[in-house]
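The values are calculated or read from the model by the stated rules, or taken from the named source; none is laboratory data. Predicted model, so just to flag it, every value in this text is computed and none were measured. For neighbour counting, all protein chains shown are included, and Cβ atoms are generated from backbone atoms with ideal geometry for every residue, glycine included. To get the accessible areas, we keep the full protein, side chains included, count just its heavy atoms, and leave off ligands, DNA and RNA. Shrake-Rupley method; radii C 1.70, N 1.55, O 1.52, S 1.80 Å.
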Amino acid sequence: MNDMQSPLHKEEDLIYMRRALALAEEAAVQDEVPVGALIVHRGEIIAEAFNTRETSKCATHHAEILVIEAACRRLGGWRLPDCTLYVTLEPCPMCAGAIVNSRIDRVVYAAPDLRAGAFGSVVDLNDLPLNHKPQIAGGVCCEESKNVLSAYFRAKRKKKE
């Protein structure tokens, strides 16, 4: 059984994903789609971010892109070896491409993105003959992430009524 199917996750994955969920909730408070991300390097959180597309008015300001940029600044280079990215929603193709290009070793995500997920839901970049293939683990705190996303979009719909 691979990590995508396993209901058992490492305790550290749960701890870090809970922090990513707190970042997602922070995004929701700022009226951003609630996706949070962080990068861990050798057991230390080196970068945190959440979506800021609405406030920045920039299409590329996904949590994963922002956290990768911050981690590159922190480590002083564009390669991110010995890093794990935790994110509350499966990365889209843009973010998956940035993950591959930054050489992140491992990606742990909470909920699958059935509309734009690029590590197995819609497409899987790891199936392509790219120069780097991160390890992928999905489903960590999946229900919690789905609940945060559902509550956000439910509130948005209510505002429109």
Which residue, Ala59, Ala70, Ala49, tops the fluctuation ranking in a GNM of the chain built on C-alpha contacts under 10 Å? Ala59
About the Cα centre, and with charges only on the beta carbon of Lys, Arg (+1) and Asp, Glu (-1), how big is the dipole of the chain? Nearest 20 debye, please. 440
Here the percent of antiparallel bridges among DSSP beta bridges lying wholly in the chain, to the nearest 5, is 55
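Could you check what % of the DSSP bridge pairs in region 66-161 are antiparallel, to the nearest 5? Write out the running numbers ahead of the final one.
Numbers: 1 of 10 bridges.
Taking every DSSP beta bridge with both residues in region 66-161, the antiparallel ones total about 10 percent.
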Taking 0.36 nm per residue of separation between Arg154 and Thr60 and subtracting their Cα-Cα distance, the length gained on full extension comes to 31.4 nm
Residue-averaged 222 nm ellipticity for the chain, from DSSP H runs of 4+ at -39500 (n - 2.57), nearest 500: -12500 deg cm²/dmol
Using a Gaussian network for the chain with springs between C-alpha atoms less than 10 Å apart, which of these wobbles most: Glu144, Glu12, Glu69? Glu12
Over the chain, with every protein chain in place, what whole percent of the accessible area is carbon and sulfur at 1.4 Å, could you tell me? 53
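To the nearest 0.05, how large is the calculated FRET efficiency for Lys133 and Ile15 if R₀ is 30 Å and r is the Cβ-Cβ distance?
0.75
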For region 55-161, the per residue accessible area (1.4 Å probe, Å²) is 52
